[in-house]
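First up is the structure itself, then whatever we jot down about it.
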Amino acid sequence: MADTVSTPFQTRVEQAAKVMGIDVDSLWAHLFALGIENTADGESLLAADTTTESDARAIMVDGKGAYPAHVPNTEMVKIARFKAGWAVLKGRGQKPEALAEGDGIALKELVEAIKPVTQFKDKELLARYNLDAPSDVMEELKRRSHDRPFIVFSGETTSVMVEVSAELLSLARRHEVPSTYMVDNKLVRTHRVGEFPMLFVEECPLHSDHILADGFCEKCQDTWKGVEDIKRVAARVALNLGAVHADDLAEIQSTMQLAKNDRLINIPRVALELNELAADKKLPVLRRRMSRTGSSDPFYVKK
């Protein structure tokens, strides 16, 4: 075999051979019969959508391929093992850490690693559900729940209460679920897949119509990250008073530097206004709850 193959590809073939219950040489012979060699081009060809499971099955299970002479006794693959091993070869759903562990990993763990989400139990899906959950996890939960609300979060966090949510998912399969539910004598909301509670975003101190992305304002072309809240509030107050301006980039940069260096807070007019607003509890709030559901209820945030 050629030595130009990448290590991940070679590892994947070795693990697939183990799942299929055949030796590595036999699997390479099957791949050769498919037109896939132990090269970078072979890896790309295997990954291509045009290389299908049915083509591979005809060769690896039914033995309809033309095999290289140096592997005279190529082992055929049992159909169940073929399906699991083919998923490994195609790189669908396996855990990278599982493939990295080499021959020591159990067959059961490998099969579990490549298991499609449609075979996950409800609690397994819910344990994987969060703001950054894979799209297939979200779609499967949505399908099982018929897009009904059933997910309950712990407090105002995005941590799923798996046990409670699993119970409600069982109900959602059969009929509508109420928008509120009692958990430990406390009323909580139920959420549809993609809805998350109480997420807040930060406004730019100088541009109320712009949301900060990890502190960065596109209009300011700079970041407010690390600038204390009171300094940001001082910038908004100074802008409202007309003590500073943010009509062009030069003015914006100047105002940001004044805010960062505490000079805005020390402008007498701004300091007086800050003190009076604080006494009246009317300081500008540069943080607001974000709703992406289109609902007027700000409790919900849809991913």
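Which one of these does Glu203 not meet: (1) touching a helix residue (DSSP H, G or I) at 6+ places or on another chain (Cβ under 7 Å); (2) surrounded by 20 or more Cβ atoms within 10 Å (Cβ to Cβ); (3) among the acidic types (Asp, Glu)?
All conditions are met except number (1).
Please tell me if Thr255 is of a type in the set (S, T, N, Q), free of Cβ contacts under 8 Å to residues at least 60 places away in the same chain, surrounded by 14 or more Cβ atoms within 10 Å (Cβ to Cβ) and over 20 Å from Leu277 (Cβ atoms).
No.
Restricting to region 128-150, count the residues that are farther than 23 Å from His175 by Cα and among the hydrophobic types (A, V, I, L, M, F, W, C).
2
Can you pull out every residue in region 9-32 that is of a type in the set (Lys, Arg) and either modelled with pLDDT of 90 or more or not assigned by TED's automatic domain parsing to the domain that holds Thr52 (or both)?
Listed by number, the list is empty, since nothing qualifies.
Criterion first (surrounded by 14 or more Cβ atoms within 10 Å (Cβ to Cβ), in a loop (DSSP other than H, G, I, E, B) and at negative phi) does Val244 satisfy it?
yes
Looking at (1) of a type in the set (A, V, I, L, M, F, W, C); (2) in contact (Cβ under 8 Å) with a residue 40 or more places away in the chain; (3) in a strand (DSSP E or B), which one does Ala234 not meet, given that it meets all the others?
The single condition Ala234 does not satisfy is (3).
Looking only at region 218-231, filter to residues that are touching a residue at least 24 places away in the same chain (Cβ under 8 Å) and under 14 Å from Cys204 (Cβ atoms); which one of those is surrounded by the fewest Cβ atoms within 10 Å (Cβ to Cβ)?
Gln221
What are the pairs, 6+ residues apart or on separate chains, where a residue within region 131-153 that is under 19 Å from Val177 (Cβ atoms) has its Cβ under 9 Å from a residue that is loosely packed, with under 15 Cβ neighbours inside 10 Å and among the hydroxyl-bearing types (Ser, Thr, Tyr)?
If the second residue must be loosely packed, with under 15 Cβ neighbours inside 10 Å and among the hydroxyl-bearing types (Ser, Thr, Tyr), the pairs left are Glu140/Thr118; Arg143/Thr118; Pro149/Ser179; Phe150/Ser170; Phe153/Ser159.
Table: residues versus (1) outside any strand (DSSP E or B); (2) surrounded by fewer than 20 Cβ atoms within 10 Å (Cβ to Cβ).
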position	(1), (2)
Gly155	yes, yes
Glu163	yes, yes
Glu167	yes, yes
Leu171	yes, yes
His175	yes, yes
Leu187	no, yes
Val193	yes, no
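The values are calculated or read from the model by the stated rules, or taken from the named source; none is laboratory data. For clarity, every value in this text was computed on a predicted model and none was experimentally measured. Don't worry about glycine lacking a Cβ; one is built from the backbone with ideal geometry, like all the others, and counts go over all protein chains shown.
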